[in-house]
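Engineer: Encoded as structure tokens, here's the structure I'll be asking about.
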Amino acid sequence: MPELPEVETYRRFLDEVILHQPISAVEVFDRHVLAVDEDALRRRLVGQIVVATRRLGKNCFLEFADGSALVLHFGMTGDVGAYRHDYDVPRFTRVAFHLADGLRVAFIDPRKFGRIRLTDSLEQYQKDKKLGPDALGISLEELSQVLRKKKTLIKPLLLDQSITAGLGNWIVDEVLYQAKIHPERRANTLTDAEFSSLYAAIQSVLKTAITQEATYRQFPANFLIHAREWDESATPGTDQHRFCPRHQKEEIAKKYVGGRATYYCQICQPEPSESI
Ligand SMILES: [Zn+2]
């Protein structure tokens, strides 16, 4: 599923290819991904120029001079691409934006859970969708101020897009592991030092993932992500990936927290002692 790091990678790609060229046509291969009337979309886009790309959480914005924007949400399997000729159209392209210089930008989505929308402004979209500040843009003070008032479990709070936008399931597990905080700690029991570690871990996990362009097997060996069942490639031929990178004989534990599969180390991230 495209998470913040993938979406940031897509945004950078779009920033390279789509800016400052008038959109000459909008080709719709499959309307399923449109959360806006097809004709309205075409009327709005044709002749327009994207002047900036922005990202908020898992949403990518192609912004026009008046501040309005096309919003791309990538669902489960969304991706972007570029091509020039009909015979090169990427498989599963659902919508293509043709640019005046001949390049075509593809919104690709095999499973079609992605959505394309229009909004009057990024700020309006953020309000409509009740999204908090972006996880890479939020400050330590903003984050800790909201969290320290909450008596609920830290993991579901970090997944809550109205608190901060862009943290998905594996990212939250990684952040809590790096910060040595058990996923079932109640947020109001975190110390100032733990909030600082949590904040630093959010920044470093996201920045690492973006630098590696979200190619998980290239993530550092001290990342918990290698224990997830879908990534065994970091240690081919061994079961080393199933153990804590800090405690090499301690198998990474798995349980469900707030209904989500959760990986953690029982030594690094001690069980909360307070009564529940
Ligand atoms: Zn450990």
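Engineer: Which condition breaks for GLN145 when tested against (1) in contact (Cβ under 8 Å) with a residue 40 or more places away in the chain; (2) surrounded by fewer than 20 Cβ atoms within 10 Å (Cβ to Cβ)?
Structural biologist: (1)
Engineer: Moving on. When you scan segment 24-35, do you find a residue that is in a strand (DSSP E or B), in contact with a Pro (Cβ under 6 Å, 6 or more places away or on another chain) and either at negative phi or surrounded by 21 or more Cβ atoms within 10 Å (Cβ to Cβ) (or both), even just one?
Structural biologist: no
Engineer: List the residue pairs whose Cβ atoms are under 9 Å apart, where the first residue sits in segment 234-249 and is in the same structural domain as LYS180 (by TED's automatic domain parsing) and more than 9 Å from the ligand (Cβ to nearest atom), the second is at pLDDT below 70 and aliphatic (A, V, I, L, M), and the two are 6 or more positions apart or on different chains.
Structural biologist: Listed by first residue and then by second, the contacts come to GLN240/ALA234; HIS241/ALA234.
Engineer: Considering only segment 254-271, state which residues are assigned to a strand (DSSP E or B), more than 10 Å from the ligand (Cβ to nearest atom) and touching a strand residue (DSSP E or B) at 6+ places or on another chain (Cβ under 8 Å).
Structural biologist: Passing the criteria: LYS254, LYS255, TYR256, VAL257, ALA261, THR262, TYR263.
Engineer: For segment 148-165, name all the residues that are over 18 Å from ASP134 (Cα atoms) and aliphatic (A, V, I, L, M).
Structural biologist: Matches in segment 148-165: LEU153 only.
Engineer: Another question, then. Being under 26 Å from the mean Cα position of the chain (by Cα), among the basic types (Lys, Arg) and not in a helix (DSSP H, G or I) is the requirement here; does ARG11 meet it?
Structural biologist: no
Engineer: Take VAL172 and tell me if it is under 30 Å from PHE13 (Cα atoms) and free of Cβ contacts under 8 Å to residues at least 24 places away in the same chain.
Structural biologist: Answer is yes for this residue.
The values are calculated or read from the model by the stated rules, or taken from the named source; none is laboratory data. Here the structure is a predicted model, which means the values were calculated and not measured. Here the Cβ is made from the backbone with ideal geometry for all residues, glycine too, and neighbour counts use every protein chain on show.
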